[in-house]
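Peer 1: Could you have a look at this structure, given as structure tokens, before my questions?
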Amino acid sequence: MSTIEKKEFWFVVGSQQLYGEEALAEVKKHAQRMTNELNESGILPCPIVLQDLAVSADKITAMMKEANYRDEVAGIITWMHTFSPAKMWIHGMKLLQKPLLHLATQFNESIPWETIDMDFMDLNQSAHGDREYGFINARLNKQNKVIVGHWKRSETQKQIADWMNVAVAFNESFNIKVARFGDNMRNVAVTEGDKVEAQIQFGWTVDYFGIGDLVQYVNKVKDEEIAALIAEYADLYEFEYGAYSKEDWEASVKVQASYEIAIKRFLDDGGYNAFTTNFEDLYGMKQLPGLAVQRLMAKGYGFAGEGDWKTAALDRLLKVMSNNQSTGFMEDYTYELAAGKESVLQSHMLEVDPTLAGNKPKIIVSPLGPGNKEDPARLVFDGKAGDGVVVSMADFGTHYKLLINEVSMFEPEFPAPKLPVARVLWNIKPNFHDGVKAWIENGGGHHTVVSLNLTTEQIVNYAKLVDLEYVIIK
């Protein structure tokens, strides 16, 4: 997988020269202690780096310019230790192109009633500074995140960590490159979209390749590479031969191993971190990639079937945001409509993401009608349980829209011995009938990305950063 360089966040503390050098020295001391303790908390995914005090328009503007051009800087965290006149912030905030967090906190947790005097009041007027600074961001329509709470509390730090993951994903969004092996599935509407607008709004690059370009890579894979990869499979998965001879089963798995090696090599050579396939376009290939795709998704590559590049890019984005934990491409398949048990069975013809597995996956080989090729190998498992969020990107011609629905995944109650694909089950919030109706009425697609590691708030934070319309169903 294309790696993401370690990011950092700049900590910019607001004040002003009015209070004198002694007071500013105390502000700097408090800010440094906060920086150190936050970095030592073990909760934040990225370090914060304290900057010069924001006490003038020139200093603020210079910091924001520098942050824009430093690739390692994923965002800015601001804290108003004292009152900081907001007109100083206007030019810098207008120039800032990185995600912005306003941490509404103060150094001390409680008011020292026995000793409090005007010197303390002047030095610790975050409540005063928050309103002034917040006003100018609202007026500039910065769409910045605001987190309120004492900085030492774990719940506050967890909110900062969640926002950091969104900010990292926002920056990575401009590095998402999707390789499309073949075109979209014929006559399907939701997989279409404006690629130029997606690059303008989200930063996504989408490139088409004929299937022959991939076949050339497949033909160059060496037998010893395949053998080494199958040995890795043996350590991670159960082997189930079913009705196949061991020889035929292994032959199918070897094809998928060669695809995994070839696709990864192709993607890495071109700097791609997401891809699509299409069962209608397999010229020169023996099978539709199944196990190969599942393995690459588990490594963090974005994917969607039938040429759905929007969902592939979204998958990569949310994998970055979730650190590739329990997040993957999904498709609505069939309903359970028994009274009191209403739910949706999620799956795909082959490519269900193993990061969602609740039990040890097994490799099986089974026929596949679509594509009319040899029987492909795939990983089969049951999805894990937990509360999560499912997301779909729709192109309405005039604009993009993000559909967000909270779901509760649960482990299957019954075995499905004849189902040759992985399965995920979930209940829809607020309830099955209203949730399904709202999804359909708002144009939500059947291809989605689901995550047990992300929240609605994080998805909304990203949508605001890229000026993306969103609808929440919960």
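Laboratory data are not the source of any read-out in this text; all were calculated from the coordinates shown. Computed from a prediction, not measured in an experiment: that's the story for all the values here. Because the Cβ atoms are built from the backbone with ideal geometry, glycine has one as well, and the counts that use them run over all protein chains shown.
Peer 1: If you take the square roots of the eigenvalues of the alpha-carbon gyration tensor of segment 177-473 and sort them as a ≥ b ≥ c, do you get rounded (a/c under 1.5), prolate (a/b over b/c) or oblate? Mind showing how you got there, number by number?
Peer 2: Numbers: a/c = 1.85, a/b = 1.25, b/c = 1.47.
In terms of gyration-tensor shape, oblate.
Peer 1: Run down the aspartates and glutamates and flag those whose C-alpha is under 16 Å from the C-alpha of K341, throwing out any fewer than 8 positions away in its chain.
Peer 2: E411, E413, D434
Peer 1: Continuing with the same structure: What is the helix-to-structure angle for 246-270, meaning the angle in degrees between its Cα long axis and the longest Cα principal axis of the chain, kept from 0 to 90 and rounded to the nearest 10?
Peer 2: So the inclination is approximately 40 degrees.
Peer 1: Using a 7 Å offset from Cα along Cα-Cβ at K94, what residues in segment 127-155 end up with backbone N under 20 Å from the label point?
Peer 2: 132-144
Peer 1: Taking the number of other C-beta atoms within 10 Å as the exposure measure, put D162, D235 in order starting with the fewest. Let's see the in-between values first.
Peer 2: Values: D162 19, D235 6.
Going from sparsest to densest Cβ surroundings: D235, D162.
Peer 1: Given points 7 Å out from each Cα along the Cα-Cβ axis, report the I230 to S41 separation in nanometres with one decimal.
Peer 2: 5.0 nm
Peer 1: Moving to a separate point now. Which ordering of I147, I459, I116 is given by a fewest-first count of other beta-carbon atoms within 10 Å?
Peer 2: I116, I147, I459
Peer 1: Return the inverse of the average 1/r over all pairs of distinct C-alpha atoms in segment 302-396, which is the Kirkwood hydrodynamic radius, in Å to one decimal.
Peer 2: Working: mean 1/r = 0.0666 Å⁻¹.
The answer is 15.0 Å.
Peer 1: Greater than 25 Å separation of Cα atoms is the criterion. Which listed pairs, K264/K401; K59/K158; K319/K474; K28/K59; K65/K87; K222/K360, meet it? Present the calculation step by step, with values, prior to reporting the outcome.
Peer 2: On the way: K264/K401 31 Å; K59/K158 30 Å; K319/K474 22 Å; K28/K59 15 Å; K65/K87 17 Å; K222/K360 29 Å.
Beyond 25 Å between Cα atoms: K264/K401; K59/K158; K222/K360.
Peer 1: Neighbouring Cβ atoms within 10 Å as the yardstick, rank Y69, Y335, Y19 fewest first.
Peer 2: On the way: Y69 8, Y335 12, Y19 19.
Final ranking by Cβ density, sparse to dense: Y69, Y335, Y19.
Peer 1: Residue by residue through segment 323-331, which ³J(HN,Hα) values in whole Hz follow from phi under the Karplus form 6.51 cos²θ - 1.76 cosθ + 1.60 (θ = phi - 60°), with glycine and proline marked x?
Peer 2: Running phi through 6.51 cos²θ - 1.76 cosθ + 1.60 with θ = phi - 60° gives 6, 6, 9, 6, 9, x, 4, 8, 9 Hz.
Peer 1: Return the FRET efficiency for the residue pair E197, M118: r is the Cβ-Cβ distance, R0 is 41 Å, and the value is rounded to the nearest 0.05.
Peer 2: Details: r = 55 Å, r/R0 = 1.35.
The formula returns an efficiency of 0.15 here.
Peer 1: For the chain, what does -39500 (n - 2.57) per DSSP helix run (n ≥ 4), summed and divided by total residues, give at 222 nm, in deg cm²/dmol to the nearest 500? Walk me through the intermediate numbers first.
Peer 2: Values: 14 runs with 176 residues, N = 474.
-11500 deg cm²/dmol, from helical runs alone.
Peer 1: Return the FRET efficiency for the residue pair E342, K87: r is the Cβ-Cβ distance, R0 is 60 Å, and the value is rounded to the nearest 0.05. Don't skip to the end; give the middle numbers.
Peer 2: Details: r = 56 Å, r/R0 = 0.93.
So, using R0 = 60 Å, E works out to roughly 0.60.
Peer 1: A further question follows. Skipping prolines and chain starts, which residues have an amide H placed within reach, meaning under 5 Å, of the one on V178, given they are 5 or more residues away or on another chain?
Peer 2: HN-HN under 5 Å from V178: T205, V206, D207.
Peer 1: Report the antiparallel proportion of the DSSP beta bridges in the chain as a percent, rounded to a multiple of 5. Could you put the intermediate results ahead of the total?
Peer 2: Numbers: 35 of 72 bridges.
Percentage antiparallel, nearest 5: 50.
Peer 1: While we're here: Once you order the gyration tensor axes a ≥ b ≥ c over the Cα atoms, which shape class does segment 8-173 get: rounded for a/c under 1.5, otherwise prolate or oblate by comparing a/b with b/c? Mind dumping the intermediate values first?
Peer 2: Details: a/c = 1.74, a/b = 1.25, b/c = 1.38.
In terms of gyration-tensor shape, oblate.
Peer 1: With θ set to phi - 60°, apply the Karplus curve 6.51 cos²θ - 1.76 cosθ + 1.60 along segment 19-27 and write out the HN-Hα couplings as whole Hz, x wherever there is a Gly or Pro.
Peer 2: Karplus values, whole Hz, x for Gly and Pro: 7, x, 5, 5, 5, 5, 5, 5, 4.
Peer 1: Cα axis of helix 57-69 to longest principal axis of the chain: angle in degrees, 0 to 90, nearest 10?
Peer 2: Helix 57-69 sits at roughly 10 degrees to that axis.
Peer 1: In addition: Residue separation times 0.36 nm, minus the C-alpha to C-alpha distance between E109 and E22: what's the value? Present the calculation step by step, with values, prior to reporting the outcome.
Peer 2: Working: separation 87, 0.36 × 87 = 31.32 nm, distance 2.20 nm.
Taking 0.36 nm per residue and subtracting the Cα distance, the gain is 29.1 nm.
Peer 1: So if R0 is 25 Å, what FRET efficiency would T334 and A385 give, r being the distance between their Cβ atoms, rounded to the nearest 0.05? Walk me through the intermediate numbers first.
Peer 2: Details: r = 19 Å, r/R0 = 0.77.
Computed FRET efficiency for T334 and A385 comes out at 0.80.
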